[in-house]
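The block underneath contains the structure these notes are about, expressed in structure tokens.
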Amino acid sequence: VQLQASGGGLVQAGGSLRLSCATSRRIFNTNKMAWYRQAPGKQRELVADITNVGNTNYADSVRGRFAISRDNAKNTMYLQMNSLKSEDTAVYYCAADPLGFLYRYWGQGTQVTVSS
């Protein structure tokens, strides 16, 4: 596994979680990394992405509640999730190195469950 996602769990609505995605320096230095999520019965959707110079982009559904960041010293990307809602329940995947509309590298996914 070239991307290692962690930090998921069970949290009550209104709570917070921080996801981490660790990788090698070679993959970390690609021009963009991202977090996606997939809820049961739904398509995988982009949550947020960040370029190698720190430019960020968010889905409308999470803007203002989630924050994506990267630690260059640790080759790790983060997703700070605040004010969680039941509709945020999903498996969260990290990805790196965009290839057209897709990404070349994917993590194994980490489950986030928000109870109402």
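The modelled label-to-label distance between Thr113 and Asn52, using points 7 Å beyond Cα along the C-beta direction, is 3.9 nm.
Coupling constants for the range 11-24 follow from the phi torsions by the Karplus curve (6.51 cos²θ - 1.76 cosθ + 1.60, θ = phi - 60°), and in residue order they are 9, 7, 3, x, x, 9, 8, 10, 8, 10, 9, 9, 8, 7 Hz; glycine and proline get x.
Placing unit charges on C-beta atoms (Lys and Arg positive, Asp and Glu negative, everything else neutral), compute the dipole magnitude of the range 1-60 about its Cα centre in debye, rounded to 20. Mind dumping the intermediate values first?
Values: 7 positive and 3 negative charges, 42 e Å.
Dipole of the range 1-60, to the nearest 20 debye: 200 debye.
Full extension of the chain between Gln12 and Ile27 yields a length gain of 2.0 nm, computed as 0.36 nm times the residue separation minus the alpha carbon distance. Charges were assigned to the Cβ only: +1 to each Lys and Arg, -1 to each Asp and Glu. The resulting dipole of the chain about its Cα centre is roughly 200 debye. Between Pro40, Val53, Gly109, the Cα set farthest toward the positive side of the dipole of the chain (charges on each charged residue's Cβ, about the Cα centre) is that of Val53. Using the Cβ-Cβ distance between Ala73 and Arg104 with R0 = 30 Å, the FRET efficiency computed as 1/(1 + (r/R0)^6) comes to roughly 0.80.
Pairwise inverse Cα distances across the range 22-73, averaged and inverted, put the Kirkwood hydrodynamic radius at 12.1 Å. On alpha-carbon atoms, Rg over Rh for the chain using Kirkwood Rh? Rounded to two decimals, Rg over Rh is 0.94. Ordering of 10-17, 32-39, 52-59 by packing is 32-39, 10-17, 52-59, highest average first (other Cβ atoms within 10 Å, averaged per residue).
With each label modelled as a point 7 angstrom along the Cα→C-beta vector, the Ala59-Lys42 pair spans 0.5 nm.
Amide H contacts for Lys85 (H built 1.01 Å from N in the peptide plane; partners 5 or more residues away or on another chain; cut-off under 5 Å): Gly14.
Read-outs: derived from the displayed coordinates by stated rules, not from any lab. Since this is a predicted model, take the numbers as computed values, not measurements. Cβ sites come from the backbone with ideal geometry, for glycine too, and all protein chains shown count toward neighbours.
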